[in-house]
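Reviewing the structure listed below.
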Amino acid sequence: MASMAAGPDHLFNLRNSFYLGAYQAAINNSEIPNLSQEDIVERDCLVHRSYIALGSYQLVINEIDEASATPLQAVKLLAMYLSSPENKESTIASLREWLADPTAGSNATVRLIAGTIFMHEEDYSEALKHTHSGGTMDLHALNVQIFIKMHRSDYAEKQLRVMQQFDEDHTLTQLASAWLNLAVGGSKIQEAYLIFQDFSEKYPMTSLILNSKAVCCMHMGNFEEAETLLLDALNKVSDDEPTLSYSDAKDPETLANLVVCSIHVGKPSPRYLSQLKLSHPEHVLVKRAASAEDNFERALQSFA
Amino acid sequence: MLTKFETKSNRVKGLTFHPKRPWILASLHSGVIQLWDYRMGTLIDRFDEHEGPVRGVHFHNSQPLFVSGGDDYKIKVWNHKTHRCLFTLLGHLDYIRTVQFHHENPWIVSASDDQTIRIWNWQSRTCISVLTGHNHYVMCASFHPKEDLVVSASLDQTVRVWDIGSLKKKTVSPADDLMRFTQMNSDLFGGVDAIVKYVLEGHDRGVNWASFHPTLPLIVSGADDRQVKLWRMNETKAWEVDTLRGHMNNVSSVMFHAKQDIIVSNSEDKSIRVWDATKRTGIQTFRREHDRFWILAVHPEINLLAAGHDNGMIVFKLERERPAFALSGNSLFYTKDRFLRYYDCSTQKDSQVIPIRRPGTPSLNQSPRTLSYSPTENAVLICSDLDGGSYELYIIPKDSVGRSDVVQDAKRGTGGSAVFIARNRFAVLEKNTSQVLVKNLKNEVVKKSSLPIPTDAIFYAGTGNLLCRSEDKVVIFDLQQRLVLGELQTPFVRYVVWSNDMESVALLSKHTIIIASKKLVLQCTLHETIRVKSGAWDDNGVFIYTTLNHIKYCLPNGDSGIIRTLDVPIYITKVSGNTIFCLDRDGKNRAITINATEYIFKLALLRKRYDHVMGMIKNSQLCGQAMIAYLQQKGFPEVALHFVEDERVRFNLALESGNISVAVASATEINEKEQWYRLGVEALRQGNAGIVEFAYQQTKNFERLSFLYLITGKLDKLSKLMKIAEVKNNVMGQFHNALYLGDVKERVKILENAGHLPLAYITASVHGLKDVAERLATELGENVPSLPEGKTPSLLMPPSPVMCGGDWPLLRVMKGIFEGGLESAARGGAVDEEEEEDAGGDWGDALDMVDVDGMENRDIDAILEEAERGEDENDEEGGWEELEGLDLPPELDTPKASANARSSVFVTPTQGMPVSHIWSQKSSLAAEQAAAGSFDTAMRLLNRQLGIKNFAPLKSMFIDLFSGSQSYLRAFSSSPVVSLAIERGWSESSSPNVRGPPSLVYDFSQQEEKLKSGYKATTSGKLTEALRLFLSILHTIPLVVVESRSEVDEVKELVTIVKEYVLGLKMELKRRETKDDPVRQQELAAYFTHCNLQLPHLRLALFSAMGVCYKSKNLATAYTFAKRLLETNPMESQAKTARQIVQAAERNMTDTTELNYDFRNPFVICGSTYVPIYRGQKDVSCPYCTARFVPSQQGNICGVCDLAVIGADASGLVCSPSQVR
């Protein structure tokens, strides 16, 4: 089913910037004339989600008030969830209330945020409960990611096919297929690399694209090139995105991948790891490394 | 049919192409012969001497001649250069139908209504043969292109072939007189030397035309029976082969095509028909509305035809000759015949890639028209006009270059044009609906999009964008955003050429080139009188293009010029530096080297890259009047100045550029009044009073000079000038100067001297010079003039100048941009890069622009800073709000039904198995288990295989292996990161979804590297460092994985090598600690020499052992070490010491102390206690590193590798999956 295009898509660039991790660009270029009411809400959601991605949770929480539209409220909820993990129970409680409401609960953005939050909670079945029916590209893309996290690439592929039928050239479709390609591995890695390569030729470089390319390189066994790309990405963050409250934080994935790369190229650099530990103590790599130590000691015990 | 040129005139009866130049002669029914340049489209000449229609005309193939024959029975031979009819051949008794030159002999054949064919010698200007036999008008006669044959067609319904061989024999005979005699004979007795060879009968009506095939023994004829007949002949006979039916009226002319296997005929039915000569079927018909066709002509060399009709003629070709091609980097793909070919511009290698489909129907112009290539996917789209526009998609197999001959089953489709718009997407135009279909490489429609304008062709315009062409404009359309990015009114665009950086585009029309930006903002437009054929961008942003006969360039500002002329049209594919790559009409690749100096220079000038300009001025000879004119016209006289030697031109340029000093120098050189005068004017304009003065002095222009002195206040010079005037007896000058000076006495004196006494008197008296006045009055006597009454005279004094002397102050010292550079260049010799850069800096200072830029930048910076501050403030405001407390979203009443309803159908799938689990299930290699995070399994494996019990040294490696087995992908914004398992041994052909083993941090080559650095450290005596390295190898090897069996052996070998070093180094380090025990020291040193070491290291060990023993006076032992050392062929320094010790020991072969060391008895050394275990004694060994120990060490941790338990049971090192299988 090929979609038949109608009028110009005003939010195209904004959406693209957001998906590709050019959050500051998305925020800076959000003043678009001639938007419909619907588009304005979507625009605001994208802008605020960009702020969240940059870590400016408080700004989002403050800017969205009770009068704002439902989708925006949902975005605010996400900001609250991410900003204060200690209060997450209450946030999740209000999320559940929202979801129970038939109008709010069927709103795509609300469902998207629910999916995201439950995914953070690693409650995938709860997340899928709200997202599996899809409806927007965002939701489908999130589904792909959830299934990848569940190691069910067969399901992820089904979601991807839905996206491809809807719009094969959509940025999210391309991204999701790259994610899936990476997850299934093998010759597909090359395809994932080409997708990110296409992005990097077509759009301004972002640390997200660089990082994704680096991951492809790592999976192809080319750790030197990956390291170069990651160092690029690291500089990119500090050069291009002197953002409001995010300034100290290096991109965690870049750091994490750098740690892995430096192990592989045989020049371990504890600096990246300590940097990551400082800026993102909750990062998977940090947790993994800590659990590995415990694991080792425990295994040692069994020999003693 | 592709019409190239068309004329309107009286009926055209005869046509002939010039063999070399783009000319065609058309003879008209009105009696005029026109000479046209069909390329330029201009009438060059007309020849108007025939009376009545001229039916036949023909160019000579080498001389500037042509022949014509008309209804005035005259054959005229003309020189078209001198525009003269050279002579007229008389003899025919009726209208002349055709005339033709022979290709080598000086002959002309003519056909006439007098039923004869005549052959003439145009050098002797006589008729040499009359061919009789036809019994009606002979409509056409022509020589065979190679053999001694003539073919003729007549209204007697026959075609005849004549043998003129004997005529040729006669001509070659040397005797001129004799020849003339026989010619007379032939005239008298009629055509004995030309005999009819064949009479071809078959047409039912009069035959209008017959002609030979250029190479084959074939004849084609056309007649009033509306048929075209094909005849074949051999040595003895000729016969009819086939008849081509289709014309609706008399066939007037028919010919074989010069290059293709086709027959072209035209007829009074107003059509031209094209026939396949082999299949003898009609291919195509071109009709005209009102004009009957009378004559055809085929160009002998190139692919052109001409046809004459009632109201003029057309020059046309049947098929496009432009090969379809696409360039990507250095790779050029193009089509030739039925193959896709590949040409590498860097190596200039040409190869055949794959065969492509040949059109099934034999119609014309179905060959590939455009080609689009996707480099990443190695896919090619070939578009042709087949089936009203269609495309074929081929994927080039990676390894098939030049091999396969099988036509791939291409994916096909119909559409106006198809181009790649992304790596794996192409767009296909649906013309009638103005829609594009975006398709993937499987030829499936991915998306449909309607275009903003009615479009008849699409071109690539950057990823995801299309350039859509309509009749009178082009737009760039973004397919994803569905936005028009740019729009431009243009003539009908035929080709689109993007610059290498995709920033500029050249739109080529028939006679126009439009350069625009990527958003279609017009940059410049160029008009050409000759057709534009192709173009490409060079790396500097100059557009290089070809017309039919030139290679030209176009600078970004629209300046253009000719680079060189062309003999034949070419299609530029790529420009790289001085080389132009192109395809010619035969589909051959060519590389043409051009002289790019001119346009590079102009470009540098345009871009204000004066350093480059400078370099080029210094290094190349590109001057010439044209270049100077260009520089002048473009406002760069100061640059032109540096090209010119001629002083006059130099002077003019200097004045134009206001360069006074150069002008002065030139003026001095020329030293003519005219130049000095102009110099003065310019200097005056610039306010350079000194030069003005100098110029006036040089021209002796005293009047101007005195005025100059007056206004500049140089009164002393003015009075000097007055003196000069006095000396020169120039009364007026003197008077003027006096007037300027206000010197009344002088004036009176001058007047008096000049004999104007009344004037002198009046002047004197008016100015109150009483005594002089009185003296003059007496002299005048009664002629004293009366002074005006009632007026008080006042003294006229010149005002004092505002400013005295000197030049006008100049606003800024405009040091000529080039002057500085040239001077420095002159000082420093050749301009090299560095100097240019330096010079650039200097120039920068001189230019005000730079400062202005700086200012602007500062301003912008300031604004930016302010803006940022503003943002910060906003931020703070945000912070305050936070203090006021958060408003949680209002809680809503929550009926729960719907959410449940939605989820009821959906069953969450169970979680899949993480890759690390798969790893740990599959693998029996410790390293892979560690990478999968199953440390306990890994440890159990190591214990079982190698008896390892001490895992502490392996901790960091375990953790690194584990950490290194995953990558982290940030996927959807704000959602948790995705960790992905990194697999080992990736290749392009690995199949997806099949889990490979984990990627490992350690490999064998790393260990070899470490071994090398360990050796190096040992050599340089950094023993602790060396030991650390060797130990780390030993510690890593249990976690190294190699692929093949042979590598396993290498790993095992490495273990033994390293073990020896670890043991040796440990002993050596121990020896250095035990300084107080000389015996033990000697023993350890001695044992060290029995470790299996590299030769240089062994020498070092021996040397040290020798020294230690010698010091302890164990000369006999020292002697054995010295001997062993000498056997190893050591360096001279070591050898010398060794020899001395040998000498010393030989004198006293004793040991003072007893050592536990018997070098004659083979032994190994215990890895913990460092005592020798002689052969036959009991020992235990380490299951991993194979170090040996005294039995008492059983059960302890190995002292060498520090990992395994001595004497433990172990199955052995497993470090490769090949061992497990």
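The values are calculated or read from the model by the stated rules, or taken from the named source; none is laboratory data. Values in this document were obtained by computation on a predicted structure and should not be read as measured data. Backbone-built Cβ (ideal geometry, glycine too); neighbour counts: all protein chains shown.
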Given the criteria surrounded by 21 or more Cβ atoms within 10 Å (Cβ to Cβ), over 60 Å from the mean Cα position of the chain (by Cα) and modelled with pLDDT of 85 or more, does B:R1080 qualify? no
Please go through the stretch B:254-285 and pick out each residue that is touching a Leu at 6+ places or on another chain (Cβ under 9 Å) and in contact (Cβ under 8 Å) with a residue 60 or more places away in the chain. B:H257, B:I272, B:V274, B:T281, B:I283, B:Q284
Need pairs with beta-carbon distance below 9 Å; first residue at positive phi and within the stretch B:937-966, second at pLDDT 85 or above and of a type in the set (S, T, Y); sequence gap 6+ or separate chains. B:G947/B:Y1184
If you scan the stretch B:532-562, which residues turn out to be without any contact (Cβ under 8 Å) to a residue 24 or more places away in the chain and closer than 19 Å to B:E321 by Cβ? B:T547, B:H550
Please list, ordered by first then second residue, the pairs with beta carbon atoms under 8 Å, 6 or more apart or interchain, first in the stretch A:92-114 and facing chain B (nearest Cβ under 9 Å), second surrounded by fewer than 18 Cβ atoms within 10 Å (Cβ to Cβ) and aliphatic (A, V, I, L, M). A:S94/B:L888; A:E97/B:L892; A:W98/B:L892; A:D101/B:L892; A:P102/B:A897; A:A104/B:L892
Just give me the residues in the stretch B:990-1021 being more than 16 Å from A:A183 (Cα to Cα) and facing chain A (nearest Cβ under 8 Å), in sequence order. B:V1001, B:Q1006
Within the stretch B:1170-1220, the residues that are in a loop (DSSP other than H, G, I, E, B), β-branched (V, I, T) and within 29 Å of B:Y1002 (Cβ to Cβ) are B:T1186, B:V1200, B:I1206, B:V1214
Under the condition of being out of contact with any strand residue (DSSP E or B) (no Cβ under 6 Å at 6 or more places or on another chain) and not in a loop (DSSP other than H, G, I, E, B), which residue from the stretch B:959-980 is farthest from the other protein chains (Cβ to nearest Cβ)? B:L961
Pick out the one residue from B:S991, B:S956, B:S898 that is surrounded by fewer than 21 Cβ atoms within 10 Å (Cβ to Cβ), outside any loop (DSSP other than H, G, I, E, B) and at pLDDT below 85. B:S898
Could you tell me whether any residue of the stretch B:423-431 is in contact with a Pro (Cβ under 9 Å, 6 or more places away or on another chain), within 13 Å of chain A (Cβ to nearest Cβ), farther than 25 Å from B:Q366 by Cα and not in a strand (DSSP E or B)? yes
Restricting the stretch B:933-952 to residues that are facing chain A (nearest Cβ under 8 Å) and not in a helix (DSSP H, G or I), which is farthest from B:I1197 (Cα to Cα)? B:G933
Taking only pairs six or more apart or across chains, which ones have beta-carbon atoms under 8 Å, a first residue in the stretch B:982-1011 that is under 16 Å from B:T1036 (Cβ atoms), and a second residue that is part of a helix (DSSP H, G or I) and of a type in the set (D, E, K, R)? B:L1000/B:E928; B:V1001/B:D960; B:F1004/B:E1047; B:F1004/B:E1050
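Conditions tested, residue by residue: (1) polar (S, T, N, Q); (2) in contact (Cβ under 8 Å) with a residue 40 or more places away in the chain; (3) in a strand (DSSP E or B); (4) surrounded by 16 or more Cβ atoms within 10 Å (Cβ to Cβ).
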{"residue": "B:T3", "(1), (2), (3), (4)": "yes, yes, yes, no"}
{"residue": "B:L15", "(1), (2), (3), (4)": "no, yes, yes, yes"}
{"residue": "B:L25", "(1), (2), (3), (4)": "no, yes, yes, yes"}
{"residue": "B:L35", "(1), (2), (3), (4)": "no, yes, yes, yes"}
{"residue": "B:I44", "(1), (2), (3), (4)": "no, no, yes, no"}
{"residue": "B:G56", "(1), (2), (3), (4)": "no, yes, yes, yes"}
{"residue": "B:G69", "(1), (2), (3), (4)": "no, yes, yes, yes"}
From the list A:Y81, A:Y51, A:Y23, A:Y19, exactly one residue is aromatic (F, W, Y) and more than 24 Å from A:T206 (Cβ to Cβ). Which is it? A:Y81
Could you list, in sequence order, all residues of the stretch A:154-196 that are more than 9 Å from chain B (Cβ to nearest Cβ) and of a type in the set (S, T, Y)? A:T173, A:S177, A:Y193
Got at least one residue in the stretch A:147-167 being aliphatic (A, V, I, L, M), more than 30 Å from B:G996 (Cα to Cα) and surrounded by fewer than 20 Cβ atoms within 10 Å (Cβ to Cβ)? no
Out of A:A141, A:A178, I need the residue that is assigned to a helix (DSSP H, G or I), more than 25 Å from A:I40 (Cα to Cα) and at pLDDT 90 or above. Which one? A:A178
Count of residues meeting criterion [acidic (D, E), more than 7 Å from chain B (Cβ to nearest Cβ) and either part of a helix (DSSP H, G or I) or buried (at least 19 other Cβ atoms within 10 Å of the Cβ) (or both)] in the stretch A:251-292: 1
Checking the structure you have, find out if any residue of the stretch B:506-517 is more than 29 Å from the chain's Cα centre (by Cα) and assigned to a strand (DSSP E or B). no
Considering each of B:V438, B:V445 in turn, give the residue that is touching a Ser or Thr at 6+ places or on another chain (Cβ under 8 Å), within 23 Å of B:R369 (Cβ to Cβ) and at the interface with chain A (Cβ under 8 Å from one of its Cβ atoms). B:V438
Select, from A:E201, A:E126, A:E122, the only residue that is within 7 Å of chain B (Cβ to nearest Cβ) and either at pLDDT below 90 or outside any helix (DSSP H, G or I) (or both). A:E201
In the stretch B:197-217, how many are without any contact (Cβ under 8 Å) to a residue 40 or more places away in the chain and part of a strand (DSSP E or B)? 0
Going through the stretch B:542-573 one residue at a time, which ones are part of a loop (DSSP other than H, G, I, E, B) and either on the phi < 0 side of the Ramachandran plot or buried (at least 17 other Cβ atoms within 10 Å of the Cβ) (or both)? B:V542, B:L548, B:N549, B:L555, B:P556, B:N557, B:D559, B:L566, B:D567, B:V568, B:P569
